[in-house]
Amino acid sequence: MSIIEAIKARSSNGIMTDAAVSPEKIKQLLDAAVCTPVHHNTKPWRFLVIQGAGRQLLSDIMVQYYDKTMPDSEESKAIALRDKLSKKPFRSPIIIAVAAAKPEGEKAIMRENVASAIAACQNILLAAPALGLSAFWRTGSFMYAPDTASALGFKEGAELVGLIYLGHPKREMPPKSRETSEAYVRWLGQMTETIIS
């Protein structure tokens with residue numbers, strides 16, 4: 001499969017088994033993850049591999065954020081939503097929390113570190129099927145709360161960019177119909193006579 005075919009075939013598959021993922025495969029994914037462009041070679045990628053009982057910590061962080069931000073958290077509907085939220089980290093045997101480290105040099109800026117860490121998430125998603133794994137990327141407002149990254153042990157100033165849920169797929173996803181880029185592209189110069197707006 002070519003790189004372009006792999007990109008177009010990528011699909012979020014959240015239906016996973018409880019089977020463990022070997023440390024060797026996780027290392028292969030993370031080695032692929034850090035192969036991203038990054039300005040000033042800041043090496044901003046930071047990963048936390050969450051598994052087993054460690055998923056309970058993530059569940060607790062999610063629930064604590066929910067309790068802080070939902071004023072009517074004792075209503076029956078809110079209690080049901082809270083319970084559903086608490087179970088999300090247990091959807092897969094492995095979760096990789098991906099963060100961008102705060103830059104140290106004067107020239108480096110945080111936005112570029114974040115961009116490189118986001119590219120690392122895409123690398124994981126593209127590499128996972130090659131290892132027989134399923135992966136999907138999740139975010140959420142709780143990730144951007146000031147104390148979430150520190151609660152997960154990241155250093156001060158680090159920014160979370162994604163949670164990658166990882167495991168063995170229970171079923172294969174059907175092929176997706178992909179749209180073209182035509183509606184989102186403008187050309188400047190002589191490459192085409194038609195300006196798409």
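Since every read-out is calculated from the coordinates, none of them should be taken as a lab result. As the structure is a prediction and not an experimental result, all values here were calculated from the model. A quick note on method: Cβ atoms are made from the backbone with ideal geometry, for glycine too, and the neighbour counts reach across all protein chains shown.
Points worth noting:
- Sparsely packed loop sites in segment 127-197 (the trypsin sites (Lys or Arg not before Pro) outside DSSP H, G, I, E and B with at most 16 other Cβ atoms within 10 Å) comprise K155, K170, R171, K176, R178, R186.
- The HN-Hα couplings worked out from phi for segment 92-98 by the Karplus form 6.51 cos²θ - 1.76 cosθ + 1.60 (θ = phi - 60°) are 9, x, 10, 10, 10, 7, 10 Hz, whole numbers, x standing for Gly and Pro.
- ³J(HN,Hα) computed for each position of segment 5-19 - Karplus, 6.51 cos²θ - 1.76 cosθ + 1.60, integer Hz, glycine/proline x: 5, 5, 5, 6, 7, 4, 8, 6, 10, x, 8, 10, 7, 8, 4
- Under the combined filter of DSSP loop state and at most 11 neighbouring Cβ atoms within 10 Å, segment 113-197 retains these GluC sites (Glu not before Pro): E156, E172, E179, E193.
- In the chain, taking the dipole from charged Cβ atoms about the Cα centre, the farthest positive-side position among L48, L160, P129 is held by P129.
- Diffusion coefficient of segment 1-88 by Stokes-Einstein, Kirkwood radius over Cα pairs, 10 °C, 1.306 mPa s: 94 µm²/s.
- Long-range amide H partners of V161 with built H, under 5 Å: V98, A99, A100
- Size-normalised alpha-carbon gyration radius of the chain, reference 2.2 N^0.38 Å: 1.17
- Stokes-Einstein D (µm²/s) once Rh is taken as the Kirkwood radius of segment 75-175 over alpha-carbon pairs, at 20 °C in 1.002 mPa s: 139
- Amide H contacts of M16: K170, each under 5 Å away and 5 or more positions distant or on a separate chain (H built 1.01 Å from N in the peptide plane; Pro and chain starts excluded).
- Under the combined filter of DSSP loop state and at most 15 neighbouring Cβ atoms within 10 Å, segment 26-112 retains these trypsin sites (Lys or Arg not before Pro): R91, K107.
- For the chain, the dipole from Cβ point charges (+1 on Lys and Arg, -1 on Asp and Glu) about the Cα centre works out to 400 debye, to the nearest 20.
- Rh (Kirkwood; distinct C-alpha pairs) - segment 47-107, Å: 13.4
- With 32 Å as the limit on Cα-Cα distance, the pairs of K25/K107; K107/K155; K25/K176; K84/K107; K88/K176; K8/K155 that go past it are K25/K107; K84/K107; K8/K155.
- The spacing between segment 1-69 and segment 135-161, judged by their C-alpha centroids, is 12 Å.
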